[in-house]
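The values are calculated or read from the model by the stated rules, or taken from the named source; none is laboratory data. Just so it is clear, the model here is predicted, and its values are computed rather than measured. Note that each Cβ is placed from the backbone with ideal geometry, even for glycine, and that neighbours are counted across all protein chains shown. When the accessible area is computed, the model is the full protein with side chains, heavy atoms only, and any ligands, DNA or RNA have been set aside. Shrake-Rupley method; radii C 1.70, N 1.55, O 1.52, S 1.80 Å.
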Amino acid sequence: MRGRCFFRIVISALLFLGWAACPQDILADDGQPNVLFIAIDDLNDYIGPLGNHPGIKTPVLDRLAKQSVTFTNAHCAAPACHPSRVAVMTGVHPVHSGIYRNAFGAHGPRWRRESPMLEKAIVLSQHFRNCGYRAVGGGKIFHTLQWTPGDSQNDPDAWDVYRGDPLDPISADWPRPVRVPDKKAGLGPGRPLGDRQLFGAAPIIREPEDSYGDHLVVDWAIEQLEAKTDQPLFLAVGLFRPHIPWEVPRKWFDLYPLEGIQLPITGANDLDDAHSHRRESWHKWVTQNDQWKKLMRGYLASISYVDHQVGRLLAALERSPLKENTIVVLWSDHGFHIGEKENWEKFALWDQTTRVPLFVHAPGVSQDGRRCSQPVSLVDLYPTLCDLAHLPIAEQCDGVSLVPQLKNPQKEKKELAVSSYQFAGERLPSHAVIGTRYRLIRYGNGFEELYDLETDPHELTNRIDDPSLKDVGDQLRSQIPKNVRTQVKRLQGAGNPNKKKNQISNSALQIRIKVEPKKGRADGVLVAHGGDQHGYSIYIKDGVLGFAVRRHQELVVVTASEKSPAVPFQVLGRLGKTGEMDLLVNGKTVATGKAGGWIDVEPVEGASLGSDPRTPVGQYASPFRYQGKVEILKNGDGN
């Protein structure tokens with residue numbers, strides 16, 4: 001015992017100091033197992049093996065359940081992408097890190113500077129690298145979104161190789177289908193997340209399936225499985241669907257005819273005895289506009305799409321020489337609501353929000369095909385993988401190894417699962433304590449809920465005041481974490497180069513540019529800010545200068561009556577508060593119009609000079625590059 005303790009002290013010191021190596025006697029060799037680490041975004045328990053939605057088609061996950069241990073009572077550390085993923089990849093629970101909520105505007109691991117506990121934390125992939133593995137990753141492992149280019153909390157130093165740009169890993173992968181504006185579709189105002197229809201469902205028709213999205217990430221991952229290496233492999237693959245927007249090929253929608261869609265079980269006045277999730281307005285918009293079945297269909301289609309992508313990846317592993325010596329872990333970052341308890345997405349602490357799919361196959365260890373109902377947390381993955389790979393467990397880890405449950409899925413696990421979240425406006429974090437049958441939630445404002453998941457799996461009745469469950473409540477209450485950190489203060493201006501300092505929404509604009517035409521090539525975009533939802537552009541088409549403004553997809557264009565000058569000239573475009581548009585060349589007004597108001601939603605596409613590289617603002621095909629020179633004299637950000 002003394003020798004073992006000394007060994008752990010040495011390891012602890014090395015990890016604390018951030019030393020990038022394992023002791024020589026435990027460096028990985030050819031006998032070490034490979035790791036295929038699959039993260040799926042926003043996947044809830046509707047899948048076949050967890051059985052919470054009738055008619056779901058997930059043949060790959062059904063097959064995986066027969067080839068692994070299925071943890072039926074697994075829970076995220078926090079019900080949001082960013083805190084859950086940081087907890088998985090560091091092994092540190094939010095109660096110690098203070099990372100409870102999503103955060104945006106980062107360009108790298110800003111969480112290291114925000115949380116003292118995480119400043120020197122060793123990321124899971126880095127730990128395997130330190131111990132002799134080749135660690136490669138692709139897709140969404142740390143938090144990022146398809147519509148926030150350059151906004152990523154990934155740690156590039158934790159990988160030998162990362163697909164594409166590790167700080168912009170998925171935004172270029174996803175096209176968007178043609179969308180009908182809500183007003184034209186007869187829908188009322190107030191769609192959650194705005195008129196870009198990010199909260200929406202529509203098939204992608206124009207592009208072939210193998211040209212975009214998670215298909216590309218899996219293509220890359222298959223290449224990694226096929227590549228020759230003299231090191232054991234740690235391969236992390238992050239798939240983005242079924243995260244919103246629910247936009248996948250039509251064939252996946254066709255699996256779920258709208259008339260056959262079943263909605264989840266809900267209770268009348270379900271929030272009367274529960275804490276507000278503060279998304280009641282989302283549910284109101286959905287129900288008032290008769291969108292519930294349509295959105296459910298999009299979510300189910302997205303699940304079947306990602307199930308197919310997992311199948312492609314696992315089939316490649318089956319063909320690979322790595323097959324017999326590869327640990328496979330598949331997990332989701334949190335659960336998801338499609339109207340249960342009048343909630344949409346996540347950001348709550350009920351079973352529907354925190355319960356996640358979790359499958360683990362460990363050659364020679366796991367009792368494949370069996371199910372484990374013990375309460376487990378995603379922070380248990382870090383120590384579990386270390387245990388399976390015979391690596392030291394980093395001292396920072398809050399979880400415990402699940403190897404005993406892999407060997408015997410019926411073996412009792414003494415630790416309960418805890419999911420935590422700090423609601424906006426509450427000074428303290430909230431916690432859900434989950435056992436094999438009961439769940440207690442204590443909110444930051446002191447309110448409590450208690451559910452019997454055996455008799456009430458949909459948590460329709462809060463039994464906190466039921467005297468017959470007093471002892472149960474007291475026992476679970478005793479497991480609520482103590483001395484926890486509150487939500488860390490988010491750093492401002494932490495470096496996303498795609499986040500423009502100057503914004504154009506809700507302000508009058510003046511865009512002044514100097515143009516030097518190239519002989520014989522007059523056409524192209526001079527300046528643009530935004531895309532096909534909101535924004536402006538000034539461009540030359542067919543030799544004529546135009547000024548385009550988009551508001552909620554509606555396009556207004558004013559054009560000059562004469563050809564643009566063939567010699568250097570200056571252009572001024574103005575947009576007033578009530579929508580007045582003026583286009584001037586060398587101080588002379590050449591066109592006027594009315595846009596209906598200023599741009600009241602900040603575009604996600606950002607500004608560009610000499611082209612419109614993403615979705616077009618005006619009536620042209622992007623990027624519509626201008627061959628001459630353009631210089632900003634006074635830009636459109638209101639100065």
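Do you know which residues across the range 432-468 are aliphatic (A, V, I, L, M), out of contact with any His (no Cβ under 6 Å at 6 or more places or on another chain) and outside any loop (DSSP other than H, G, I, E, B)? Matches in the range 432-468: Ala432, Val433, Leu440, Ile441, Leu450. When Pro603, Pro613 are screened for being without any contact (Cβ under 8 Å) to a residue 24 or more places away in the chain, assigned to a loop (DSSP other than H, G, I, E, B) and not aromatic (Phe, Trp, Tyr), only Pro613 passes.
Count of the range 332-378 residues, restricted to those that are part of a loop (DSSP other than H, G, I, E, B) and open to solvent by less than 20 Å² (accessible area, probe 1.4 Å), is 14. Is it the case that some residue within the range 221-238 is of a type in the set (Phe, Trp, Tyr) and surrounded by fewer than 22 Cβ atoms within 10 Å (Cβ to Cβ)? Looking for residues that are of a type in the set (Phe, Trp, Tyr) and surrounded by fewer than 22 Cβ atoms within 10 Å (Cβ to Cβ), one finds none in the range 221-238, hence no. The residues of the range 446-491 that are surrounded by 13 or more Cβ atoms within 10 Å (Cβ to Cβ), among the polar types (S, T, N, Q) and either out of contact with any strand residue (DSSP E or B) (no Cβ under 8 Å at 6 or more places or on another chain) or over 23 Å from Asp272 (Cα atoms) (or both), listed by number, are Gln475, Gln479, Thr486, Gln487. Applying the criterion of being part of a loop (DSSP other than H, G, I, E, B) and either at pLDDT below 95 or more than 16 Å from Glu345 (Cβ to Cβ) (or both) to the residues of the range 280-293, the residue that is least open to solvent (accessible area, probe 1.4 Å) is Asn289. Among residues of the range 105-117 that are aromatic (Phe, Trp, Tyr), those with a Cβ under 7 angstrom from a residue that is modelled with pLDDT of 95 or more, sequence gap 6+ or separate chain, pair up as Trp111/Val86; Trp111/Ile99; Trp111/Leu118; Trp111/Gln153. Is it true that some residue in the range 606-619 is at pLDDT 90 or above, among the hydrophobic types (A, V, I, L, M, F, W, C) and under 30 Å from the mean Cα position of the chain (by Cα)? For the range 606-619, residues at pLDDT 90 or above, among the hydrophobic types (A, V, I, L, M, F, W, C) and under 30 Å from the mean Cα position of the chain (by Cα): present.
Of all residues in the range 174-210, those satisfying the criterion of being in contact (Cβ under 8 Å) with a residue 24 or more places away in the chain, outside any loop (DSSP other than H, G, I, E, B) and either open to solvent by 20 Å² or more (accessible area, probe 1.4 Å) or of a type outside the set (Val, Ile, Thr) (or both) are Ala201, Glu209.
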